[in-house]
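J.: Could you have a look at this structure, given as structure tokens, before my questions?
The values are calculated or read from the model by the stated rules, or taken from the named source; none is laboratory data. Everything quoted here is computed from the prediction, not taken from an experiment. Every residue, glycine as well, gets a Cβ built from its backbone with ideal geometry; the counts of neighbours run over all protein chains shown. Please note that ligands, DNA and RNA were not included when accessible areas were found on the heavy atoms of the full protein model with its side chains. Shrake-Rupley method; radii C 1.70, N 1.55, O 1.52, S 1.80 Å.
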Amino acid sequence: MNASEIDVERHGGQQAPTEPVPKPQLGDQFELDEAVTDEFYSGFKSTVVSARHYSMSLWGQTAKITATGPNGEQENLQSVAGSVTPEAQTMIRGEFESLPAIHQVSPGFVPYPIALGDYHANPDTWFLLTKFCVIGAQPPSSPEKFVARLAALHRDSRSPNGMFGFHVTTCHGTIPQAPAIGSRQRVPRLLSALPKDLKPCLVHGDLWDENTAQDGETGEPFVFDTGSFYAHNEYEIGNWRAARHWLSCAEYVEAYKRHYPPTEPEIDREVIDYLVNTWEWPSERHKRGFVSWKLSDVVLFMLSTGDTYRVKLACELLLLGFLMDDWFDHHTLSQTTAVVSRLDALLASPTTFTPSSTIERMHLSLFTRILAVANTPNEPAILSTYMSMLACHCDAARDTTTSLRTYLAFREADVGMPICVELLYWTDPSLTSTPASERAALRCLDRVASDHVSILNDVFSFEREWAASADDGAPLVNGVCILAHEVGVEVGAAKVLCLALVRAWEVEFRRRAKEVLASAKAEGMDLARMERAVMGVERRMSGAEAFSWRTRRYW
């Protein structure tokens, strides 16, 4: 049975493996080309004692080589000789370049590369010489130890120029991978919801069971047969999705996620699944509408520079607030006031509060997790601001507002902008320590963003709110309606005026942003941090508008 047949039998199907990967054995004598023996003499002043077949390769030959040094010391190395095909040469060259890149970040996690060359007898056959490692359990028997090393490689590696790709062509199996170094623009549009500052991580490139092992002598995990390049870290564990791998077992996948939490698409799925399966939906149509809006995309875009776990909590908080907003629209003022009063009591004493409804249970769970995050003293500000947003629905005065300016001041809290401001500073590690003076300088931009989002939201939700008002007889409180009455025009004309205001506020935002940053520079503020905060405010505006155009919030 040849090597490829062995591999197909073990790894060609879709079933989870039931037998351990066979341990490699020493085989017969391996005939070394003079190029390899010369490398020992010229490079190490060593003499080859023996060379025997060891392990298995689907595309070449591998051997364990034992040599003695000039002082009689013994050393073991491993040789991998590729076939005469151009693909094999590309693979060997790619691995030779990959190994030192990984070793520099994570010493000992790969066999150290020694030499690369071609055979004297056949220059079309290349060889790779590395330190020898005894192959033990495959994959390593300790998932925790293995994924800790792997996650550290991903986390600690840095692309030399901050871009994706690699300086030479490497291979996934026998398939060449594009070597071109490129920016995020090379990433498909399917990943457009991910943060704009994705970190290129150094990956193994072809990580499956039999390219990993536990060192039979030291017990430490290591990897080999590398085809590295700089990519998103989750590229690495894509192979693990196939059931036929031991690495597909939950213990490996979940352990990796503990060491390197998933980025936003996973957060999106987890949050949406939780809300869909927990919230008490008035109908299946309401549930489908909520899912189809992809509101989580907006939140993840607005908070794209944040810490992963905090962003997940923030996403859940804002989406829960959104559901509460629609719940309020279908209930009386007294019912709304009673619910908000209970949530106030929850926040005041979460450890002793006993929930009596789904709304209360969901808030207790979320509040508890937010308060449990260490070293973040501004959680109370986040949750109190959230509660202020909900309390706006208990204010009877909102129904009597006749001035657009007064209405916008009210909506500054109602539309959730203050909570978005707090969450930006809470989720982004670079903004957590922003002093009060810098936040005060940015407040004028927060106000413009609030007006922009409020009126845009009112334009797109007008018909829905008008229909709800006609059904239950409640006053219609909407910026379009208020402006129409204030200036004496029809609703259609008021919508046009509102959209004109939105565009004017965008121009005003850009003007004020330049002034704020110029002033910050003159006053010696942290300019990079201020620029980062300004970008965060701008993402709130553009994200909210994208959501409005896409969904129009119609059920």
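J.: Using a 7 Å offset from the Cα along the Cα-to-Cβ direction at both Tyr274 and Ala250, what is the distance between the two label points in nm, to one decimal?
T.: Taking the two extended label points, one gets 1.8 nm.
J.: Another question, if that's okay. Taking the Cα centre of region 283-342 as the origin, how large is its charge dipole in debye, to the nearest 20, when only Lys and Arg (+1) and Asp and Glu (-1) carry charge on their Cβ atoms?
T.: Around 140 debye, computed over region 283-342.
J.: Provide the FRET efficiency to the nearest 0.05 for the Arg532-Thr174 pair, computing r from the beta carbons and using R0 = 51 Å.
T.: Calculated transfer efficiency: 0.70.
J.: Continuing with this model, one more query. Rounding to the nearest 20 debye, state how big the charge dipole of region 422-555 is about its Cα centre with +1 on each Lys and Arg Cβ and -1 on each Asp and Glu Cβ.
T.: 460
J.: Which of the peptides 521-527, 30-36 is most tightly packed, and how do the rest follow, judged by the mean count of other Cβ atoms within 10 Å per residue?
T.: 30-36, 521-527
J.: So what is the accessible area of region 199-291 per residue, in Å², with the probe set to 1.4 Å?
T.: 42
J.: Excluding Asp225 itself, calculate the net charge of residues whose Cβ lies under 10 Å from the Cβ of Asp225, where each Lys or Arg counts +1 and each Asp or Glu counts -1.
T.: -3
J.: How high is the FRET efficiency from Ser388 to Ser141, r the C-beta distance, R0 51 Å, rounded to 0.05?
T.: Plugging the Cβ-Cβ distance into 1/(1 + (r/R0)^6) gives 0.45.
J.: Tell me, what is the FRET efficiency for Ala440 and Glu73 to the nearest 0.05, using R0 = 56 angstrom and their Cβ-Cβ distance as r?
T.: 0.25
J.: When the Cα centres of region 204-253 and region 291-370 are compared, how far apart do they sit, in Å?
T.: Here the two parts' Cα centres lie 39 Å apart.
J.: In addition: Please give the peptides 170-176, 530-536 ranked by average Cβ packing (other Cβ atoms within 10 Å per residue), highest first, as a rough proxy for protection.
T.: In descending order of packing, they fall as 530-536, 170-176.
J.: Another one. If you count, for each residue, the other Cβ atoms within 10 Å and average over each peptide, how do 510-517, 458-465 line up from highest to lowest?
T.: Packing proxy ranking, top to bottom: 458-465, 510-517.
J.: Pull out the extension gain between Glu284 and Ala493, defined as 0.36 nm times the separation in residues minus the alpha carbon to alpha carbon distance; nm, one decimal.
T.: Length gained between Glu284 and Ala493: 71.7 nm.
J.: Of the heavy-atom accessible surface of region 407-468 (probe 1.4 angstrom), what whole percent is carbon and sulfur?
T.: 60
J.: For Lys514 and Arg158 in one chain, what is 0.36 nm times their gap in residues minus the Cα-Cα distance, to one decimal in nm?
T.: 124.9 nm
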